[in-house]
Structures are given as C-alpha cells and as structure tokens.
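Here the structure comes first, spelled out in structure tokens, and everything after it is commentary.
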Amino acid sequence: MPGVISVFGSVNMDLVAYVEAAPGRGETVTGRAFRMIPGGKGANQAIAAARAGAPVTFVGAVGDDAFGPRLRETLVEAGVDVTHLREVEGPSGIAHIVVDEQGGNSIIVVPGANGRMTGPGEAEIAAISRTDVLLLQLELPLEAVISAARQAAAVGGGDHEAYTVGAGPRPHAGRGGAVSVILTPAPARPLPGELLDAVDVIVPNEHEAAALTGAGEPERALDALLERVPEVVITLGSEGVLYGSRDGKRLHVPAVKVKAVDTTAAGDTFAGALAVARAEGRPCEQALRFASAAAALSVRKEGASTSMPDRAEIEALLAVL
Ligand code: ATP
Ligand code: RIB
C-alpha cells in the first residue's frame with residue numbers, strides 16, 4: 001500500500017553550466033552546455049518521492065517572477081500536490097551550478113522566495129498531519145523548519161502518543177498514525193536541540209555529518225548523531241550509505257555501480273525514495289537498497305528534477321542486482 005509523503009522545503013531554478021573542470025578564482029573557462037532545470041532540495045525530494053510511487057504534498061514558495069509558473073508546473077507534471085505551494089512577492093530561488101566532467105558539482109544558492117518562507121499555517125499542518133512521512137531540508141529559514149518539524153512531531157496517532165514539546169528526545173515514530181520526520185541537514189549548519197528532538201531520521205552526507213559532529217570518520221559521526229536522533233543514515237556518494245539506529249542496528253549498503261554523469265540531487269533522490277520505502281513499511285535494509293537504487297539511477301542523468309527514476313526503473317534495477 002503506498003504511504004503518503006509531505007515535503008516542507010525549497011524550490012529553485014537551477015542554472016547549470018557543464019564544463020570540463022570548474023574554474024578557479026579569477027579564472028574563466030568555456031563551458032560545453034548550459035541548461036535551466038527546476039531543482040531545489042525540497043522540490044527534488046518531492047519529485048523523487050512522487051516518481052518512486054507515493055502521493056506527495058509539497059509546502060513551499062515560489063516568487064512572482066517568470067520562474068514561478070515553470071517551477072510550479074514541474075511539480076504538477078510529476079504528480080505532486082501543490083495546493084500549499086505559496087506565491088510570494090519577489091524572485092524565486094535560484095541555484096547557480098557548475099558540473100564538471102566527472103559529474104561532480106559546486107553550487108551557489110540564492111534563496112529568493114525560499115528565504116521568505118514562514119512555518120506552516122493551520123491548513124498546511126493539517127495537510128502534513130495526514131501523511132506518513134515529512135521530509136525536511138535546510139534551504140528554508142531555520143525557524144520555519146523548526147516550526148514544521150515540531151508541529152509534525154506533535155501529531156499523534158495509532159500507537160504513538162503526541163509528542164510534548166520540550167519533553168526531550170521524541171520516542172520513535174513511524175507508520176501507523178504519527179508523522180515520521182526525516183531531515184536532510186543540507187546546507188550544513190549548527191542545529192538546535194529543539195529541531196533534532198523532533199526528528200526521527202537524519203540523512204547527512206559525510207561532509208555534513210562531519211560538520212555537525214566534528215568527527216571526520218563516518219562511523220564516529222554516526223555514533224555522535226545517534227545521541228541526538230534515533231536513526232542516522234550517512235550517505236557516502238559512490239561508497240554507498242552507513243546506517244545506524246539507537247537499538248544497536250548497524251548496516252553498510254554499497255552503492256550500485258554506475259557511470260556518474262551528474263550527481264546533482266543524488267542525495268535528494270535518496271531521501272525521497274527512502275521516505276517512500278519507509279512509508280510503505282519496508283524493512284530497514286530493503287528501504288536503504290530501494291533508495292540506493294533510485295539514487296544510482298539519478299546520477300546517470302543530467303540535472304536535478306530531470307534525473308529521478310520512476311518506480312518501474314527502480315524495481316527493474318533492484319531485480320537484477
Ligand atoms: P548531492 O548533494 O549531489 O545531491 P549528496 O552529497 O547529498 O548528493 P551523496 O552521498 O553524494 O549525497 O549521494 C547520495 C547517494 O546517492 C549515495 O549514498 C549513493 O547511494 C548514491 N550515489 C551518489 N553518487 C553515486 C555514484 N557515483 N554511483 C552510484 N551511486 C551514487
Ligand atoms: O541538492 C541539489 C539541489 O541543491 C539543486 O537542485 C539546487 O537547487 C540546490 O538547492
């Protein structure tokens with residue numbers, strides 16, 4: 001049975017230059033191509049989850065510029081419910097991206113409308129509370145993200161008691177009524193306890209994990225993060241993912257071997273697909289494999305929203321692994 005996903009996050013127009021090697025300071029290089037591709041960590045996760053087979057509600061904001069309608073349309077085309085996509089005065093968010101020949105990237109985000117987002121209102125939190133999983137990232141103002149996480153965590157249901165704000169770390173939530181909160185802590189920044197207390201699963205890449213904990217070794221960063229959040233998934237690019245939970249489970253799931261063309265949004269594709277697998281009630285290792293297959297398929301294609309596989313492609317890859 002499909003689980004239902006909500007995303008409270010950013011949406012950007014990605015302005016992408018493809019080059020042999022990214023320019024250094026003061027250097028000019030000639031690119032081989034330029035594309036405008038809808039992206040933003042929130043929208044990417046919403047589209048990844050929708051393509052992976054779940055009904056998805058998106059809460060975010062576009063500006064009243066020419067990019068706004070195009071960004072909205074991309075979400076709609078992917079089947080994402082945009083009832084709660086706000087339009088605010090001023091420019092939409094953009095990301096200035098350089099992708100090199102190895103598929104690696106560097107990104108500058110100018111938040112635009114994302115920077116003017118506030119926490120979810122009554123109708124938006126009602127929509128989020130009807131879903132199994134809420135996906136969060138850090139491209140919106142931190143206060144807005146904290147508000148969304150805490151309000152979602154406060155929704156009880158099934159066997160889960162409503163979380164009392166300020167009562168310390170939240171007991172593990174999941175399928176069965178309560179909204180499970182998954183946070184991608186990107187771009188990395190220090191995170192207050194009031195946010196982490198409301199999070200069930202944190203999904204940093206290895207650099208974000210190191211920045212959050214001060215531990216360079218992923219295994220040590222995992223242990224440090226488990227003191228703050230019940231489940232931790234550290235993504236390691238082509239090295240796969242490291243998983244740990246407070247009940248003592250540890251897993252390493254290797255990445256699927258593919259030729260990387262553009263890794264932009266690999267982490268977002270992973271998070272979107274992971275949310276779907278968890279909302280469907282798949283066991284932990286199976287959920288990580290489902291998400292890894294989706295992410296590997298995404299790195300084979302250029303762009304963010306253009307690169308995410310649909311469910312049939314994910315299942316077909318899993319069937320031959
Ligand atoms: P991005 O910021 O580019 O969206 P990220 O840095 O958040 O990505 P990564 O750790 O690079 O996240 O990648 C997320 C997941 O995507 C990995 O754990 C892996 O499953 C998959 N992945 C990334 N790069 C590759 C690759 N080269 N080959 C196969 N799978 C990959
Ligand atoms: O995670 C990839 C995304 O980061 C891009 O789509 C870009 O918009 C930036 O937000």
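Each Cα pair under 8 Å and six or more residues apart adds its separation to the average, and for the stretch 102-155 the resulting relative contact order is 43 percent.
Comparing mean-square fluctuations of SER298, SER180, SER106 from a GNM of the chain with C-alpha springs under 10 Å, the top value falls on SER106.
Note on the chain: with charges restricted to the Cβ of Lys and Arg (+1) and Asp and Glu (-1), its dipole about the Cα centre is near 360 debye.
On full extension of the chain, what length is gained from ASP223 through ALA66, given 0.36 nm per residue of separation minus the C-alpha to C-alpha distance? If you can, show how the numbers build up before the last one.
Working: separation 157, 0.36 × 157 = 56.52 nm, distance 4.55 nm.
So the extension gain works out to 52.0 nm.
For LEU251 and GLU194 in one chain, what is 0.36 nm times their gap in residues minus the Cα-Cα distance, to one decimal in nm? Kindly include the intermediate steps, with their values, before the conclusion.
Working: separation 57, 0.36 × 57 = 20.52 nm, distance 2.78 nm.
My answer for the length gained is 17.7 nm.
Calculate, for GLU77 and THR30, the FRET efficiency according to 1/(1 + (r/R0)^6) with r their C-beta to C-beta distance and R0 45 Å; round to the nearest 0.05.
Step by step, r from the Cβ atoms, then E = 0.85.
Comparing Cα centroids, the stretch 260-321 and the stretch 193-208 end up 20 angstrom apart. Listed by chain and number, the lysines whose alpha-carbon sits under 18 Å from that of LYS259, ignoring those within fewer than 8 places in the same chain, are LYS301.
Cα gyration tensor of the stretch 45-133, axes a ≥ b ≥ c as square roots of the eigenvalues: rounded (a/c below 1.5), prolate (a/b > b/c) or oblate? Verdict is oblate for the stretch 45-133. Entry note, the stretch 172-321: relative contact order of 16 percent, from Cα contacts under 8 Å with a spacing of 6+ residues.
What is the ratio of the Cα radius of gyration of the stretch 1-150 to 2.2 N^0.38 Å, with N the residue count, to two decimals?
Details: Rg = 16.2 Å, N = 150, 2.2 N^0.38 = 14.8 Å.
Normalised by 2.2 N^0.38 Å, the Cα Rg of the stretch 1-150 equals 1.10.
The percentage of C-alpha pairs in the stretch 224-314 whose separation is greater than 18 Å is 42%. With the simple spin-label model, which puts each label point 7 Å out from Cα in the Cβ direction, the LEU236 to ALA260 separation comes to 1.4 nm.
Residue separation times 0.36 nm, minus the C-alpha to C-alpha distance between HIS96 and VAL110: what's the value?
Numbers: separation 14, 0.36 × 14 = 5.04 nm, distance 0.81 nm.
That pair, HIS96 and VAL110, stretches by 4.2 nm at full extension.
Across the chain, Cα pairs under 8 Å and at least six residues apart give a relative contact order of 18 percent.
Can you tell me how the chain classifies by the Cα gyration tensor, rounded, prolate or oblate, using a/c under 1.5 as the rounded cut? Kindly include the intermediate steps, with their values, before the conclusion.
Numbers: a/c = 1.44, a/b = 1.20, b/c = 1.20.
Rounded is the answer for the chain, as its axis ratio a/c remains below 1.5.
For the stretch 197-301, applying the loop criterion from DSSP together with a ceiling of 12 other beta carbons within 10 Å to the trypsin sites (Lys or Arg not before Pro) yields LYS249, LYS257, LYS259. Give the shape of the stretch 101-146 as rounded, prolate or oblate, defined through the alpha-carbon gyration tensor: a ≥ b ≥ c are the square roots of its eigenvalues, a/c under 1.5 means rounded, and otherwise the shape is prolate if a/b is larger than b/c and oblate if not. The shape class here is oblate. Only lysines eight or more places from LYS249 in sequence, or on another chain, were considered; those with a Cα closer than 27 Å are LYS257. When the chain is treated as a GNM, springs tying every alpha-carbon pair under 10 Å, which of PRO230, PRO185, PRO283 comes out with the largest mean-square fluctuation? Maximum among the listed residues: PRO283. Between GLY237, GLY216, GLY281, the Gaussian network model of the chain with springs among Cα atoms under 10 angstrom shows the greatest mean-square fluctuation at GLY216.
Here the stretch 92-118 and the stretch 22-77 have alpha carbon centers that stand 9 Å from each other.
No value in this document is a laboratory result; all are computed from the given coordinates. Because the structure is a prediction, the values reported are computed rather than measured. Positions of Cβ are generated from backbone atoms using ideal geometry, with glycine treated the same way; all protein chains shown enter the neighbour counts.
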